[in-house]
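The values are calculated or read from the model by the stated rules, or taken from the named source; none is laboratory data. What you see is a predicted model, and the numbers here were worked out from it, not measured in a lab. Glycine gets a Cβ as well: all are built from the backbone with ideal geometry, and neighbour counts include every protein chain shown.
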Amino acid sequence: MSAEPALRPQLSVVFFGMSGVLSALPLESLLRAGIDVRAVVMAALSGDVRPETPPTRELPPPASASRKARALLPVERGIRQIAADTGVPVFEVARLRARETLATLSGFAPDAICVSCFPRRLPPDVLRLPRLGCLNVHPSLLPDNRGPDPLFWVFQRGDAQTGVTIHLMDEGFDSGPVLAQETIIMRDGVSEARLERMCAEVAGPLLIASLKGLAAGTLAPRPQDESRATSYSLPSAEDYRITPDRPARWAYNFASGVLARGQPIVIATPEREFRLVAPLDFDAEATLDAPWRLDGAALALRCAPGVFRARVSSV
């Protein structure tokens, strides 16, 4: 009679994220898959703090952690609520390099750290802490479209496709070796919120497969091809301008994608500028006998090629 096979040990992780669906859905996927999520870590922000701003508070030691996380104003069921519902402690970290932070993270003895939308770079001491490494969810097909706001640049560039990459983190920005990728086809009129959810729905299964493949030794990390790398910073006001030298399809999809951000989108013609209120439609084959035409609040803009129509107001 043969001995029964030994049970595989449960994988343990610490999850780094923030409010929003691109953190929430991957965390839920990990929990549903039976991954031992030992803690959730969020950035401690005070006022209008930007990524990489020097932090103001330290992550407390495990003994002071409450098993009930404080609730945020819910965008949906965010990671604080998910953690509270499942008894996972939540920490707000301010100084990732602090001795107390490293001691706390070490105390959880995670096999891996999983990161999705955490707004700060992890220092070397944190990167070296888990035996399997730190796995990051990035919503683009790396090495293309590195940087802090890849979804915006999908729309600004007019990409026909994007995707999700799971990669091991190194000391660079989005430059570590790739573990898994999945492509997402862009459709006309997709909003950023919808694209973010599509990425989040893909990210969870990819993250789990990557974790299990690393643990089993069946997944070989693949170095990124630096010759194909592109990188973008946070967008400026100038990046929110629609000009007639671009296709009408691009104008419609860009406006549909990023309008909900609340950043003013300017439609600029050589003679006049308008503020976009809402995209209406586009015709990739149409033309106009004038650069633009205004009918009440409806603007028709001759593009290269096609015609883009939108509701506008004066700048």
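Quick notes on this one:
- For region 4-18, the condition of being of a type outside the set (A, V, I, L, M, F, W, C) and at pLDDT below 50 holds for at least one residue.
- Residues of region 171-221 satisfying the condition of being small (Gly, Ala, Ser), more than 15 Å from the chain's Cα centre (by Cα) and farther than 26 Å from Leu259 by Cα: Gly172, Ser175, Gly176, Ala180, Ala209, Ser210, Gly213, Ala215, Ala216, Gly217, Ala220
- Some residue of region 232-240 being charged (D, E, K, R) and touching a residue at least 12 places away in the same chain (Cβ under 8 Å): yes
- Output for region 29-56, where each listed residue is surrounded by fewer than 18 Cβ atoms within 10 Å (Cβ to Cβ), among the charged types (D, E, K, R) and modelled with pLDDT of 85 or more: Arg32, Asp36
- Yes/no for Leu211 being assigned to a loop (DSSP other than H, G, I, E, B), among the aliphatic types (A, V, I, L, M), out of contact with any Phe, Trp or Tyr (no Cβ under 9 Å at 6 or more places or on another chain) and touching a residue at least 40 places away in the same chain (Cβ under 8 Å): no
- The single residue among Glu171, Glu182, Glu196 that is closer than 17 Å to Ser23 by Cβ, assigned by TED's automatic domain parsing to the domain that holds Pro123 and among the charged types (D, E, K, R) turns out to be Glu196.
- Checklist (1) surrounded by fewer than 17 Cβ atoms within 10 Å (Cβ to Cβ); (2) on the phi < 0 side of the Ramachandran plot applied to Ala109, failing item: (2)
- For region 214-245, the tally of residues that are surrounded by 14 or more Cβ atoms within 10 Å (Cβ to Cβ) and either small (Gly, Ala, Ser) or part of a helix (DSSP H, G or I) (or both) stands at 6.
- Once region 292-305 is narrowed to residues that are under 32 Å from the mean Cα position of the chain (by Cα) and farther than 21 Å from Leu259 by Cα, the residue that is surrounded by the most Cβ atoms within 10 Å (Cβ to Cβ) is Pro305.
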